[in-house]
Amino acid sequence: MIEVYNTQGRARQVFETRDQGKVAMYVCGPTVQSEPHVGHGRSAVAFDVIRRYLEWRGYQVRFVRNVTDVEDKIIAAANQLGVDPSEHAARVAAMFAEAFRALSVREPDVEPKATEHIPEMISMISRLIERGLAYPADNGDVYFSVRTLEGYGKLSGHDPDELRSGARIEILEAKEDPLDFALWKAAKPGEPAWDSPWGFGRPGWHIECSAMAEKYLGESFDIHGGGTDLIFPHHENEIAQSEGVSGRTFSRYWLHNGMVNLGGEKMAKSTGHVIDLASAIARFGGPAVRLFYLRAHYRSPLEFSEELLEDAKNSLDRVVRLLGRSDSGPTPDPAVIAAFATAMDDDFATPEGLGVLFEAVRDANRELDSEQDAGPLLAAISEILGVLGLDTGTKVDLSDVQSSIEELAGSLGLPTATTLAEYLDAIVAARRQARDERDWKRADEIRNRLGAIGVSIEDGADGSHWHRR
């Protein structure tokens, strides 16, 4: 039984889907105004893991993640660069796609772009006007009338009366109430625009997701995800629009990932307080950055640290070394798999799931050191890596240094082995024996000769192990 924390209601709930055995899931994707930073990667990885886990537990998941490619910030960024907004959006969207691939984030089943769904947005706005929940203004804008919808604020917990006291109407706006928000914005010179019943213009940000979610998942679906920074006003306004049109519950469960902080402050494009995602991936590798995210619960804030990324990289190296030592068995260890499922059933608790994984890594190393059968443990480890999306890059290639490894083993008088991993295990064992005999010169010579061919030895509580640099 899976339990999730639902932002709407601020409570843990048993996960029950609209259709038995199926999950309909919508996640707010990037607004492609500028290059992705480390915070963007966290949201993508968090919901990728949730999707993978639900599939592993037997659900058929339909996963939709949009691209916001028309919005005020995109237009402002394009104007500053002196380029066409659509060209700028396409270039930045490609950067996001490349970064997400490096993080082993699977592509969504549907990835709708806002600019390709203008008719659906116009239709939804028209229906809201027909229901008396929205109104066209004299200047060509269309606004949602917040006061006409009972229950506004139920996701964020904001009281409309309190919001109104601090709200104000901008000079160029023609809305009737400070709380009202734009569904359609009249065209301005040099901006992208489409024809509509209210004149040329473009959609507001919030209506984009409501219209695309309805098209691909229906009026009511299972999971809506995004960062905590989207709870208000974006997700609150999505609920108002979608439930105002349909009269049905928009999303059964609202899941929100915590922010990545830098120096105690949230990473944000608006402040420039960011770490470039592509640079972090280039330095530490996509799998290490992914593991860095997963070491914190997806709902918790996460402080960026190069030391934590380096530690994540070293932890993955330990897994690589282990998988290079022996082949997996045909059947995963049932106790390990059960422990992992128990951890992840608790609101997708990846820190506890990783605890199960690395305990199995330690146990498998000990069993291999004592020449026991670690096949079931290795199979469980491989399966968990796949669920967490950490399986990419966890196999080590030694083919280019094969002759050097065999030559070193021969010079140490070691017997012929079947695989290069067996040769390396024997070399490490020879170094361990030299250390036990306090022959430090020989031990250092073995370490240095391995280092010369790109193989390092790490000494830890669970013994000495090799890994490819």
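The values are calculated or read from the model by the stated rules, or taken from the named source; none is laboratory data. Computed from a predicted structure; not experimentally measured. Please note: Cβ atoms are built from the backbone with ideal geometry, for glycine as well, and neighbour counts cover all protein chains shown. Areas reflect the complete protein model, heavy atoms only, side chains present, ligands, DNA and RNA absent. Shrake-Rupley method; radii C 1.70, N 1.55, O 1.52, S 1.80 Å.
Here are some notes:
- Cβ-Cβ under 7 Å pairs, at least 6 apart or on other chains, segment 116-137 side over 19 Å from residue 239 (Cβ atoms) and modelled with pLDDT of 95 or more, far side aromatic (Phe, Trp, Tyr) and open to solvent by 10 Å² or more (accessible area, probe 1.4 Å): 118/194; 136/198
- For segment 336-356, the candidate set comprises residues that are of a type in the set (A, V, I, L, M) and out of contact with any Phe, Trp or Tyr (no Cβ under 7 Å at 6 or more places or on another chain); within that set, the residue that is surrounded by the fewest Cβ atoms within 10 Å (Cβ to Cβ) is 338.
- Considering residues of segment 255-291 that are out of contact with any helix residue (DSSP H, G or I) (no Cβ under 8 Å at 6 or more places or on another chain), over 26 Å from residue 316 (Cα atoms) and not in a loop (DSSP other than H, G, I, E, B) only, the residue modelled with the lowest pLDDT: 273
- Boolean, residue 157 is at pLDDT below 90, in contact with a helix residue (DSSP H, G or I) (Cβ under 9 Å, 6 or more places away or on another chain) and farther than 26 Å from residue 130 by Cα: no
- Among (1) surrounded by fewer than 18 Cβ atoms within 10 Å (Cβ to Cβ); (2) outside any loop (DSSP other than H, G, I, E, B) - the single one residue 107 does not satisfy: (2)
- Close pairs (6 angstrom Cβ cut-off, 6 or more residues apart or separate chains): of a type in the set (Gly, Ala, Ser) in segment 430-455, part of a strand (DSSP E or B) anywhere: none
- Residue match in segment 120-136 (condition: within 32 Å of the chain's Cα centre (by Cα), aromatic (Phe, Trp, Tyr) and within 16 Å of residue 241 (Cα to Cα)): no
- Candidates are the residues of segment 283-322 that are aromatic (Phe, Trp, Tyr) and over 12 Å from the mean Cα position of the chain (by Cα); the one that is nearest to residue 344 (Cα to Cα) is 304.
- Selected residue [under 18 Å from the mean Cα position of the chain (by Cα) and touching a residue at least 12 places away in the same chain (Cβ under 8 Å)] from 38, 14: 38
- Subset tally (residues that are part of a loop (DSSP other than H, G, I, E, B) and open to solvent by 30 Å² or more (accessible area, probe 1.4 Å)) for segment 442-457: 1
- Residue check: residue 252 meets all listed conditions (1) free of Cβ contacts under 8 Å to residues at least 60 places away in the same chain; (2) assigned to a strand (DSSP E or B) but one, namely (1).
- Scope segment 111-145; condition closer than 30 Å to residue 93 by Cα, open to solvent by 20 Å² or more (accessible area, probe 1.4 Å) and part of a strand (DSSP E or B); matching residues: 113
- Test for residue 299: is it charged (D, E, K, R), more than 18 Å from residue 100 (Cβ to Cβ), at pLDDT 95 or above and in a loop (DSSP other than H, G, I, E, B): yes
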